[in-house]
Structure formats: structure tokens, C-alpha cells
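**Q** Dropping the structure in here first, questions after.
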Amino acid sequence: MVARNYIGGEWVEGAETFRNLNPSDLDDVIGEYAQADVAQVEEAIEAARHAFRQWSRTPGTQRGEVLHQAATEIIARKDALGYLLAREEGKTLSEGVAEVARAGQIFRFFAGEAVRNTGETVESLRPATDISISREPLGVVGLITPWNFPIAIPAWKIAPALAYGNTVVFKPAELVPASAWALTDILVRAGLPAGVLNLTMGRGGVVGRHLAASPKIDALSFTGSTQTGRQVLRATAENGVRCQLEMGGKNALVILDDANLSLAVDCAVQGAFGSAGQRCTASSRLIVTSRIHDRFVEEMLKRTEALRVGHALNKESDMGPVVSAQALEAIAGHCEKAIGEGASLSTGGKRLTRDTEGYYFAPTLFTSTKPDMKINQEEVFGPVATVIEVGSYEEALAVSNDTPYGLCAGIVTDSLARAADFRRNAEVGVVTINAPTAGLDFHVPFGGRKISNYGPREQGRYAREFYTAVKTVYQFSDITPQA
Ligand code: ADP
């Protein structure tokens, strides 16, 4: 049985199929998934265009009701959905379940926001004139998502898109069709009219490329690599289509001499190796001042080597495999380059074998690294962290800002003054103080600066900025009797 795409209210076969394998165990076939072709992308856009007229005029209460219903089912089934997610993506079961719960919370949040799409009225410069400022849906929104958060990222794009009255063509990452299919199925059964949400699973270079280049969409939101994001930006710019990009990170965690050592190590281990480091928010650079450096490295090494890497569905595993053979090869390549540049490999740096054949890579720590090494400038997207020793807080801040990326940055310190200075001067979209850089809340904005981001923020009420258009209306109404 092939899991099908969903276009114009029908489950339809694709032009090809994709075999979805478990990265923890390549003998475990999760299923066959339809792959759309360019013609089906066109049909999906047409269907979304057609459905927009009715959906955009449906009261927010009704739209919110559908999202609420979906949220309830997602939360009720979080264990089964989390299992599926961990099975196809390779994050641990507890991480998978937590991600599903978060997706449910996101739908619940936007179910409420659907009835809070308020505007303003403003006095005019002219007599007897009222000005109202309101927000309207845009039309058809294309959504392209990555594999590393197979349900949360689709949720934080689909929920606001639908809440504010847009219709959607959803193109999930090739490697995680099962979570995307399950989410679509839930939303459809929650009562979305035909054409409001269309699922076009398939290849990035075919489905994603065609969607991004279509002049028939009104907006495109993308999360993925910086390289693909740039292509998407060029394609949408060609047609003047509104575009939002969330891309990579090379995030710093600064650890100062006065830090609580065990808190610093907790933040570093979680930040660097959570989800096998395959998060755009991963703390991949640990910038440590001299007096705490040796103690930090010693503890960090102990904790890194104690991590149990194994099958994602085994409850004993602290870290699962990486997502694919290609990812494994890329990560190993980054490690080799780092060694070539003179970084010291303190632990890891190699593939691991387990009882089942999967893409296991050892949690890796490089020490004695310099800020300008490639390993400190390029995103690895795997369980690899580096330590950079610095002499002062000022140097730590400068090194923290010294990459083309600007997603998030953290600091561990007991100094209120330095924490405040860091908060003000870190060139990023998210700062964490004495807290890990990942595992962020669903109701507040998320996004970066520099090459990590393009366009307005995602999530929380800030999502409205992207998913709605502002309209300013002048109304003259003078019923005063003429003298
Ligand atoms: P990764 O390398 O981590 O898979 P990508 O940026 O390639 O990250 O993928 C993110 C999403 O973009 C996926 O859904 C992928 O299929 C899609 N994609 C890949 N290539 C293109 C492209 N040329 N145009 C539009 N989308 C693409």
C-alpha cells in the first residue's frame, strides 16, 4: 500500500514512490509514499486557489474549531505519533513524543489566534473620516519543510496559515513523509474543506522547486539549508512572491569563569547533542574563558562519552542515529577537515556500529579550535561540538558574533551585568541565559538574523506578520445637516 498525496480533497497516487526507511534499522521499512510530479503541484495550487474564496470568508471561530479538533487528536495520540516520528527521523522516543506534543500545542494556540485577528481604528486628518487598519489572508501559501522536526515545523507553518484564512500547498522533506501524512490525515478528518490543505510529498528539486517558482502562489515559507533557501528566495523574488526563510545556524554557547559548572555542562550537552545535533539551534561552538576551560572540558568529555548512542526507539538511548547516509558522510567530512585544520579530536569523530544497521555517529568534541577554522564557521548539522578558549568576556562576545549566521546564542554566567551585555550585543534572533539554546516555547517568536533568516519571524503572535496582508480603509460618512 502506498500512502498517497492529498490534492483538492482527494487522496491521489503519485508519479513515483519513495521507500521510507528507519535510520536506526535499515531493514525496517516504514512504508511507501507517493511522490508528486510537477503537474500535481499545479493541481494542488489550483485546488488551493479555488478553496481560498470560501475558506477566507469562513469565520475565524469555525477555522479555529478545525485547528482545535486537530490539536486534540494530536495530543491524544502523541505517544503513537512520537513513535512514528522517532522511527522515521531517528531522534529518541522521548524527543519524538515531546515534539508531537508541541505540535499539538501550536495548533491549540493558533485555534485561539484565529479569533483574535484584531485591527485598529485611527482618527483621520480629514473631518468625518474613519480609518480602519485590518489584516486579511494572503491567498495560497506554499510551505516547504525540512526533515529535522517532521511535525513541529509543519505545525508552526500550517497552523497560522490556516488560522488567518489562507489555503496551503504543503511540501514536506523527502525523508519524513510519514509524519507529514499523519498530520495531513488528522487535519482533513478534523473538517478542513477540500482544497484548503494539499499535501504534495516528493523531491525537493521537483516539487519544492516548482512550488517556489510558481507565480500562482501568494507566499512561500521555507525552513531548510542556507543554500536551498537562497534558491527559494531567488525563485520567489522573480515573481514578487512574499517569502520567509529559516535557515542554518552556527550557534555559540559562551561559558564564563563565574558559571555554575554543572549547569554549563548540562546546557552544552543538551545544546550540542540533543536530536543528534541536527537542529538549527544546536550549540555547536562552546566558547569558554580560560580559568574554567580545563574543568569544563574535563566534565564535558566525561558527559559526552557517557551518552548512550543507539536505536531511537530503545528507551535506554540518549541519542539516536543521524538521518541518512548522506548526512553521515557530510558529518564525517566536516570532522576530517577539522583535523586537517589542526583541531584536536578529544572524543568521537567516527561512525558507530550497533546491533541493527543504521547511521550511528559518535558524539564528537573538538578542543583547541580557533574561531576562523571551517569547523567554527560552517554548519555541521550533526553531533559535533567544538571548544574555543578565550581570554575574556569581551573576546567571547566577539567570537560568538564572528560567523555569517545569527540564529541563537547562549551564555552561562552568574554575572548579571555580563548577561545583560550579552543579551544586548549578541547578533542573533534568540538569546538564552543560563538555559539551553533549544527546546523553545511555542507561543513566542522564533527566528534569526544575518544569513540564518529572511523575512518576518515565525510562531506566536508574530506569525501574523507573514501570513496576513495589512489593509488601510478610509471611510467618509458625514450625516451632519448642511447649513
Ligand atoms: P537538507 O539538506 O537538510 O535536506 P534542504 O534545504 O535541501 O535541507 O531541504 C529542505 C526542504 O527543501 C526539503 O523539503 C527539500 O525537499 C526542499 N528542497 C530541496 N531542494 C529544493 C529546491 N531546489 N527548491 C525548493 N525546495 C527544495
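What follows is calculated from the coordinates using simple rules that are stated; it is not laboratory data. If you're wondering where the values come from, they're calculated on a predicted model, not measured in any experiment. Glycine also receives a Cβ, built like all others from the backbone with ideal geometry; neighbour counts cover every protein chain displayed.
**Q** Please compute, for the alpha-carbon atoms of the chain, the extent along each of the three principal axes and give them in descending order in Å.
**A** 85, 64, 41
**Q** Follow-up question, since we're still on this one. Which value, in debye to the nearest 20, gives the size of the charge dipole of the range 379-453 about its Cα centre, when Lys and Arg are +1 and Asp and Glu are -1 at the Cβ?
**A** Here the size comes out at about 260 debye.
**Q** Work out how far the C-alpha atoms of the range 96-135 reach from end to end along every principal axis, then list the three figures in whole Å, largest first.
**A** Dimensions of the range 96-135 along the principal axes of its Cα atoms: 58, 13, 9 Å.
**Q** Sticking with this one: Using the 10 angstrom Cβ neighbour count as an exposure proxy, how do Glu336, Glu99 rank, fewest first?
**A** The most exposed by this proxy come first: Glu336, Glu99.
**Q** Count charges around Val309 for me, please; just the other residues with Cβ under 13 Å from its Cβ, Lys/Arg as +1, Asp/Glu as -1.
**A** For residues surrounding Val309, the net value is +1.
**Q** For the peptides 190-200, 72-82, 158-168, what is the packing order when you average, over each peptide's residues, the other Cβ atoms within 10 Å and list the highest mean first?
**A** In decreasing order of mean packing, 190-200, 72-82, 158-168 become 158-168, 190-200, 72-82.
**Q** Would you kindly calculate the translational diffusion coefficient of the range 360-478, applying Stokes-Einstein with the Kirkwood radius from alpha carbon pairs, for 10 °C and a viscosity of 1.306 mPa s, and quote it in µm² s⁻¹ without decimals?
**A** It diffuses with D of about 93 µm²/s by this estimate.
**Q** Turning to a different aspect of this structure: From the P(r) of the range 328-381, could you give the percentage of C-alpha pairs in the tail past 15 Å?
**A** 45
**Q** So if each residue of separation counts as 0.36 nm, and I subtract the Cα-Cα distance between Ser225 and Asp294, what length gain in nm does that give?
**A** 21.4 nm
**Q** Also, I was wondering about something else. Between Thr129 and Asp441, 0.36 nm times their residue separation minus their Cα-Cα distance comes to what?
**A** 108.1 nm
**Q** How big is the Kirkwood radius of the range 184-253, worked out from every pair of different alpha carbons and given in Å to one decimal?
**A** 13.7
**Q** How high is the relative contact order of the chain? Use alpha-carbon pairs under 8 Å, at least six apart in sequence, and give a whole percent.
**A** 18
**Q** Semi-axes of the equivalent ellipsoid of the range 265-346: what are they in whole Å, largest first, if each equals the square root of 5 times a C-alpha gyration tensor eigenvalue?
**A** Result for the range 265-346: semi-axes of 22, 18, 11 Å.
**Q** Next up: Compute the Rg to Rh ratio over the range 85-189 from the alpha carbon atoms, using the Kirkwood formula for Rh, and round to two decimal places.
**A** Computed over Cα atoms, the ratio is 1.17.
**Q** Roughly how large, in nm² to one decimal, is the mean projection of the convex hull of the alpha-carbon atoms in the range 220-279?
**A** Hull-based average projected area comes out at 5.4 nm².
**Q** What FRET efficiency comes out for Thr356 versus Asn401 if R0 is 30 angstrom and r is the Cβ-Cβ distance? Round to the nearest 0.05.
**A** With R0 = 30 Å, the Cβ-Cβ based efficiency is 0.10.
**Q** Quick one: compute a quarter of the convex hull surface over the Cα atoms of the range 2-75 and quote it in nm².
**A** Here the figure is 6.9 nm², rounded to one decimal.
**Q** Okay, next question. In whole angstrom, how far apart do the alpha carbon centroids of the range 368-390 and the range 411-431 sit?
**A** Measuring centre to centre over Cα atoms gives 20 Å.
**Q** Between beta-carbons, use under 13 Å as the cut-off and find the net charge around Pro363, counting Lys and Arg +1, Asp and Glu -1.
**A** Net charge in that neighbourhood comes out at +3.
**Q** Once you put a point 7 Å from the Cα of Glu305 and another 7 Å from the Cα of Trp11, both along the Cβ direction, what distance in nm separates them?
**A** 5.1
**Q** Modelling each spin label as a point 7 Å along the Cα-to-Cβ direction, I'd like the Thr72/Arg53 distance in nm, to one decimal.
**A** 3.2
**Q** Calculate, in nm to one decimal, what Arg189 and Ile479 gain on full extension: separation in residues at 0.36 nm each, minus their alpha carbon distance.
**A** Full-extension gain reported as 99.4 nm.
**Q** Kindly put Lys171, Lys370, Lys302 in sequence by how many other C-beta atoms sit within 10 Å of each C-beta, fewest to most.
**A** By the 10 Å Cβ count, ascending: Lys302, Lys370, Lys171.
**Q** Right, something else. Roughly speaking, what % of Cα-Cα pairs in the range 1-132 are separated by over 17 Å, rounded to a whole number?
**A** Pairs farther apart than 17 Å: 74 percent.
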